[in-house]
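One structure below.
The values are calculated or read from the model by the stated rules, or taken from the named source; none is laboratory data. The model shown is predicted, which means the values in this text are computed figures rather than measured ones. Cβ sites come from the backbone with ideal geometry, for glycine too, and all protein chains shown count toward neighbours. Remember, those area values only see protein heavy atoms, side chains included, never the ligands or the DNA or RNA. Shrake-Rupley method; radii C 1.70, N 1.55, O 1.52, S 1.80 Å.
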Amino acid sequence: MSISGTRTHVRTGHDGGGAAARTGGAVRTTAGGATGFRAGAGLGAGAGLGDGAGAESEAAETGAGAVGFIRAARELELKRGEFELATQLGHIRTEAGKAGGRRQVRREEIERLRALDGFPDSLRERVRTVGTADGAALLSVSPGRFTRLAKAGFIAPVHFYLNRYRTVVWLYLADDLGSFASWEPWLRTGRLPRGLCAGVDEGDDRRPRNWRGRRIGHLLHESEDPWERAAIAGCVLDAAHLAELVPDVYERAYLNRLAPVLFRAFPESEAARSTVGRLLLADHPEEIRWHSTSLGTFLEEARRVRPAPRAEESTTRTEGVGPPFGGPLGGLLTRLRLGRDRSPTPAVPEGSGE
């Protein structure tokens, strides 16, 4: 798969209809739902898989023949992080809740997954993540070579977290690494061609933009609403770019309401929040052009479908959503601020490594 011109090798065919090129889930913000970092505003796939209050509210939102994420994860014997990743990758099909509520899983889908050979271990294996050390062991390469391959864009991370030293730890799908080992055996041995890793030698690191591209693809997969898709495409652009591309303040406000949370975690220090915030915004000219073009395309379609709500239609704002993109309070830290009162703990990653 190639995202924004990057050389990324991941498997794009998954049981359940998912694809890494267009995978993931866009979920609307709801009271009591989990929150996290967003490059714009809103929340992403897996929101609503949270505490007891979320469990109570999800029961009222699910329709007949469907269950909320908390119950679905329990019945599929998956941890929270495993379930969220499985929905993002398309291994678990979800659908919008009634009246635009939280996404849910149909009973038929749960039964289909439980009937798979090797359940639940086979499902868990699809979402098993590893860090650099374990990933290098799976490929039978040194950790240094693994890191160079990832920085050069040959291996796309699926998640990250900050360790106790506030260092970014990237996580990779074990399933992806198995595919990479089969598809690109020549990259595992011998001297790496100078041209392939020239950017790495100059300090280029494609891991953040590959993760962003993959995450955006995840979110676009489950969203059919053109305004939501525009918000997803624009959420990695900074306020200045958004103001230039979307001059109408009401359209920016609407995009703000619909934009997804890209990373669900709650660093305590400002330094840690700043580190995460930098990873959420496109920072390479090629990547910025890619997402700007996507935003323009989705906006054209959205405007044909319906106009953005005007002031009198949008006085009721989604809980926890900040000011419009590019608004007077639209600085980076303001737009990335945390909703600490709405989720007690961050999701624990399913792998480790640096």
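General remarks:
- Largest-first principal axis extents, alpha carbons of the stretch 93-170, Å: 47, 32, 25
- The stretch 127-209 - percent of accessible surface contributed by carbon and sulfur, probe 1.4 Å: 49 percent
- Sequence-ordered 3J(HN,Hα) estimates for the stretch 212-220 from the Karplus curve with 6.51, -1.76 and 1.60 and θ = phi - 60° stand at 4, x, 5, 5, 4, x, 4, 5, 5 Hz, glycine and proline given as x.
- Length released on extending from A311 to R114, taking residue separation times 0.36 nm less the Cα-Cα span: 66.2 nm
- Peptides 102-113, 183-194 ranked from most to least packed give 102-113, 183-194, packing being the mean of other C-beta atoms within 10 angstrom over each peptide's residues.
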